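The structure appears below as structure tokens.
Read the figures in this text as sums done on the coordinates, not as results from a lab. Just so it is clear, the structure is predicted and the values come from calculations on it, not from any experiment. Using ideal geometry, Cβ is built from the backbone for each residue, glycine included, and neighbour counts are taken over all protein chains shown.
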Amino acid sequence: MRAMRPTLILALLAASSCVTQKTYDALKAERDELDTNVTEKNAAIAEFERKQRKLDDQNRELAGSLALEQDKVKDLTTRIERMTADIAAATKDKSRLQASVEEMTRALAELEKRRAEAEARVQEFKNLLARFRALIDAGKLKVKMVDGRMVVVLATDILFASGSASLSKEGKNAIAEVAQVLSSIPKRSFQVEGHTDNVPIATAQYPSNWELASGRAITVVKTMIEAGLSDTRVSAASYGDTRPLAANSSAEAKANNRRIEITIVPDLSTLPGFEELKKVDSAQ
């Protein structure tokens, strides 16, 4: 082979060098572009990581807030349960209190009713005293309460002779006056009761004090009817010597035990339990 000429060799070298430089420049440019991309990617990764850290922080903060809210909800639930229990207890207490109030109201109404009845009885007794005031002042009779009943008491010594059931003239007048007063008391019945001392009597007409007391009570009843008192409002009873006012240990005590008592019969319809008794009676 013929030796290459120097000029050709130089030309080839120059051409080769030019190609290599271009290749180098191209590679360098490509590397620079890759470096730029890597930098951008690294920046993007760093930004992503920053955002991720921020999101993690937000998640932790939200988790903490959620835990607090859950604690609040739990606390609120507990409070609601307690309030519900308190309301239930208060409702129960209110029911008991309402029942107590109603019971107290009924008791107060009953007490007021009895107070009014008591006041009415006191006023009735005062009225009775006023009606008999003239006879009381004249010493012909007494008015008193016996076992809750209003009673007019007349000593038999001014009405009857000893051992007799016949009224004296003074006795008839006294009984007539009493009958007129009793007639003025509306809607009441009267029971005339005969009482003696313990001195026994044994006659054909009065074999014992029972008959004597009975005869005197019946005589008073008849005299009251003759004076104008309705016979449907009066009755007679005998107690003999079984209900003395005092021990028959003196003449004065025996005189007090010999008496006629006119009981004003209570109006049973005003007594407590009367309506209940009526219901029981009607159910028989």
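Structure above, values below:
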item	result
Net charge of Cβ neighbours under 10 Å - reference Leu135; Lys, Arg +1; Asp, Glu -1	+2
Top positive-direction residue, dipole computed over the chain with Cβ charges, set His195, Gly163, Leu13	Gly163
Distance (nanometres) between label positions extended 7 Å along Cα→Cβ at Lys222 and Lys22	17.6
Taking Ile201, Ile136, Ile262, Ile80 and counting other C-beta atoms within 10 Å, the order from fewest to most	Ile80, Ile136, Ile201, Ile262
Tilt relative to the chain, helix 169-183 - C-alpha long axis, 0 to 90 degrees, to 10	20
For the chain, built as a Gaussian network whose Cα springs stay under 10 Å, the top-fluctuating residue of Lys72, Lys54, Lys94	Lys54
Principal-axis tilt of helix 6-131 within the chain, Cα atoms, nearest 10 degrees	0
The chain: angle of helix 209-226 to the longest principal axis, Cα-based, in degrees nearest 10	90
Potential lengthening between Asp56 and Ser249 on full extension [0.36 nm per residue; Cα-Cα distance subtracted]	57.7 nm
Dipole magnitude (debye, nearest 20) for the range 65-131, charges at Cβ of Lys, Arg, Asp, Glu	380
Net charge of neighbours whose Cβ lies under 11 Å from the Cβ of Val234, counting Lys and Arg as +1 and Asp and Glu as -1	+2
Electrostatic dipole magnitude of the chain [Cβ: Lys, Arg +1; Asp, Glu -1; Cα centre; debye, to 20]	220
Dipole-positive endmost among Ala118, Ser65, Leu128 within the range 37-130 (Cβ charges, Cα centre)	Leu128
The range 134-274 - charge dipole about Cα centre, Lys and Arg +1 at Cβ, Asp and Glu -1, debye rounded to 20	160
Under 17 Å from the Cα of Lys94 - lysines, other chains or at least 8 residues apart	none
Inter-label distance, nm, simple model (7 Å from Cα along the C-beta direction), Leu76/Arg188	7.6
Burial ordering of Arg131, Arg60, fewest other beta-carbon atoms within 10 Å first	Arg60, Arg131
Local electrostatic count at Arg106 - Lys and Arg +1, Asp and Glu -1, tallied over other residues with Cβ under 12 Å	-3
log₁₀ of I(q)/I(0) at q = 0.08, 0.12, 0.14, 0.16 Å⁻¹ - the chain, Debye sum with one point per alpha carbon	-0.64, -0.93, -1.09, -1.24
